Amino acid sequence: MFQPFGRQETVRLTMGQALIKFLQRQYTEYDGELQRFIPAIWGIFGHGNVSGLSQALWEYGDQLPYYQPANEQSMVHAAAAFARTRLRAQTFACTTSIGPGATNMITGAAAAHVNRLPVLLLPSDYYATRFQGQVLQDIEHPVSLDMSVTDCFRVVSQFFDRITRPEQILYAAPEAMRVMTDPVDAGPATIALPQDIQSVAFDCPANFFRKKIWRIERRQPDERRIGEAIALLKEAKSPYILAGGGVHYAKAWAELREFSDAFGIPVGETHSGRGALKEESPLLIGGSGHTGTPLSGKYAADADLVFLVGTRLADFATGSYSAWQRPDVKFVSVNVSGAHAHKLGALPIVADARESLRALIAAGRAAGVKPNPGYVESLAVDRQNWLQQKRDSVYVQYPGERMSQAQVIGALNDFMDAEDTLVCAAGTAPGDLHQLFEATAGRILHLEFGYSCMGYDIPGAIGVRLARPDDGEVYVFLGDGNYLLHPMELKTAVQEGVKLTVILLQNDGFQSIHGHQKVLVGHSLGNEFRQRDLETGKLDDGEFLEIDYAKNAESFGLRAWNVADEAQLKTALEEARLEERSCMIVAQIERYSRLPRSGIWWDVFGAEVTNDDATKALVAEREEGRESQRFYW
């Protein structure tokens, strides 16, 4: 048989052993900081990887610590949150068994892909030899014998390969590293590993295990684009900045503040961009888009020039292309991805956000661009009015009602310290935090709302804690419907001694989508936790379930509190900070409270044909907003 690498030093290893050794020699360098790219591996062992990767990890993984989740989806969330917190310079690998273990990772992979977060996924796969016939735990496709359930990963991965000979890992693994460390291509990399090939030996070139440094580079902006952008800014009377997650990945916080201050431009932030202005600023108008502040909605609608910095422009941020209403509005988009930089017909600056902002600042000052005094003064008045509105009508206790979710957020704004992190994903919680949470003074808001993935919160918080082991407290902010999807990862937090404080908002159901249902359909169906009514046979007519979430948390080993008002909440927060173990605070909140609207429409289709008068009226009202939807070019 042909024997490659005859003139090189080789070492005989299984493919799994070679991969484990390789991963421990991969490093990133970002702004001169050198670190292991994959410092640990998560996994649940089963049919497919127990005799392959687990053996390799046991024998050769001394520098690759192993973490055990309770669910395969969860470990991908933990890896993605870790990668986000480490600004994509580090991530985790995740290994699973064949079949259901592998497909359990799909949702996590999709969330990571949407949010451009690198994770290395190593699902097991069928026998490449096929000697065994149809393998346990996989599909049998009638006309594609090379297809398996791991092909599902193709649409949620930035890179995908299936290893059918051990030597192929020599090319697949480096390519996965390249994709994950590229600022444009960053996202999940999937290497499907047939269970027999994991254990097949080959003569591996010794230089495969040399230390490899993947430099995360900063693409420089084109001077002509900078000049064109400044020419637009010089003519603008009401400019506006929409700051996205790219500000964080580029570490462009100081430059964003300087750009905003130098030219008097208000800053709105997307969900992943919250905290882009790290310190309080008179030009910070908070969360932007459909779930943003009324203040940001007003200034977006009136803007004549919009700087889009590091955002992919999801529909909440753009109000389904209705947020900017000036007929002559123009856009300048700063993004490392050309695909995103060209959206909305924007003047594209395809470059690193920090370097682009530095160039814009220098060029703007050289061109003599100054703030518009009247514009800045009007913003100051409107900011004060919004602050007064929050004090007068948002953070207040209404008679006969439970404590509101807004009151809980207000208490956290008062209580959280610098370096504390608040993690949140789906439901009403991300929208309310987007509008109300003060992600300044060193407080960190970690919102996963690109995929709005229920079940992200607790494993995501574990990833944050592992990424910031010594920095502040890590809080999880989630509703009871969300909690019920992935409470099992409290086990992992306890197992690893990871301190989390879970703030569980008990509103007895999926009240976010219930709110949508009531304003789009006019009726309730299947969104609250109720007993089925025996007389009507309907689930929505019964009494609310009584679930003791605090006892559930205590069964995992957490300390838990039930709180009904702000005073009890603040006491529990103070006591939880002193605890060394994980904690849960169950807050009984008003089921149907809502925040002031941003004034930015969002496109959700109602029934085009219906005989129900309530639905018909709501759809007609909703469709009035479609008049504000625009095609920007």
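The values are calculated or read from the model by the stated rules, or taken from the named source; none is laboratory data. Quick caveat: nothing in here was measured; it's all calculated off a predicted structure. No Cβ is skipped: glycine too gets one built from the backbone with ideal geometry, and neighbour counts run over all protein chains shown. All accessible areas refer to the heavy atoms of the entire protein, side chains included, with ligands and DNA or RNA removed. Shrake-Rupley method; radii C 1.70, N 1.55, O 1.52, S 1.80 Å.
A straight chain from residue 5 to residue 603 at 0.36 nm per residue would run longer than the Cα-Cα distance by 209.4 nm.
Taking 8 Å as the Cα distance limit and 6 or more residues as the minimum spacing, I'd like the relative contact order of the chain as a percentage.
Numbers: 1370 pairs, mean separation 80.7, N = 633.
13 percent.
At 1.4 Å probe size, put 468, 402, 532 in order of accessible surface, largest to smallest. List each step's numbers first, then the result.
Values: 468 40, 402 70, 532 140 Å².
These residues rank, largest area first, as 532, 402, 468.
Ordered by packing density, taken as the mean number of other Cβ atoms within 10 Å over each peptide's residues, highest first, how do 77-84, 249-256, 366-373, 337-344 rank?
On the way: 77-84: 30.2, 249-256: 20.9, 366-373: 12.9, 337-344: 17.5.
Output ranking for 77-84, 249-256, 366-373, 337-344: 77-84, 249-256, 337-344, 366-373.
Approximating the spin labels as points 7 Å out from Cα along Cα→Cβ, the residue 536-to-residue 401 distance works out to 2.4 nm. Remark: C-alpha extents of the range 487-536 on the principal axes read 47, 28, 13 Å, sorted largest to smallest. Annotation note: GluC sites (Glu not before Pro) in the range 570-633 located in DSSP loop regions with a Cβ neighbour count of at most 10 within 10 Å are 580, 608. The alpha-carbon atoms of the range 376-464 define a convex hull whose volume equals 124 cubic angstrom per residue.
The range 590-631 and the range 353-405 have Cα centres spaced 27 Å apart.
When each full DSSP H helix of the chain is screened for a Cα extent of at least 30 Å along its own axis and an average Kyte-Doolittle hydropathy of at least 1.6, none passes. Projected over all directions and averaged, the alpha-carbon convex hull of the range 186-337 occupies 13.5 nm². For the range 86-131 versus the range 136-165, the spacing of their alpha-carbon centroids is 12 Å.
Note on residue 626 and residue 384: the model spin-label points, each 7 Å out from Cα along the C-beta direction, lie 4.3 nm apart.
For the range 7-130, the Kirkwood hydrodynamic radius comes to 15.1 Å, computed from all pairs of different C-alpha atoms.
Return the inverse of the average 1/r over all pairs of distinct C-alpha atoms in the range 486-633, which is the Kirkwood hydrodynamic radius, in Å to one decimal.
On the way: mean 1/r = 0.0533 Å⁻¹.
Taking the inverse mean of 1/r over all distinct Cα pairs, the range 486-633 comes out at 18.8 Å.
To the nearest 10 square angstrom, how much accessible area does residue 31 have with a 1.4 angstrom probe? Its accessible surface works out to 80 Å², give or take rounding. Here the Debye sum runs over all C-alpha atoms of the range 321-368 as equal scatterers in vacuum, and log10 of I(q)/I(0) at q = 0.21, 0.22, 0.26, 0.32 Å⁻¹ comes out as -0.80, -0.84, -0.94, -1.05.
Once you reduce the range 464-535 and the range 429-460 to the center of their Cα atoms, the two points are 13 Å from each other.
Once Rg and the Kirkwood radius are both taken over the C-alpha atoms of the range 1-68, their ratio Rg/Rh works out to 1.07. Computed over all pairs of different Cα atoms, the Kirkwood value for the hydrodynamic radius of the chain is 26.2 Å.
Would you kindly calculate the translational diffusion coefficient of the range 308-411, applying Stokes-Einstein with the Kirkwood radius from alpha carbon pairs, for 4 °C and a viscosity of 1.567 mPa s, and quote it in µm² s⁻¹ without decimals? D = 74 µm²/s. Applying 0.36 nm per residue to the separation of residue 419 and residue 165 and subtracting their alpha-carbon distance, the gain on full extension is 86.7 nm.
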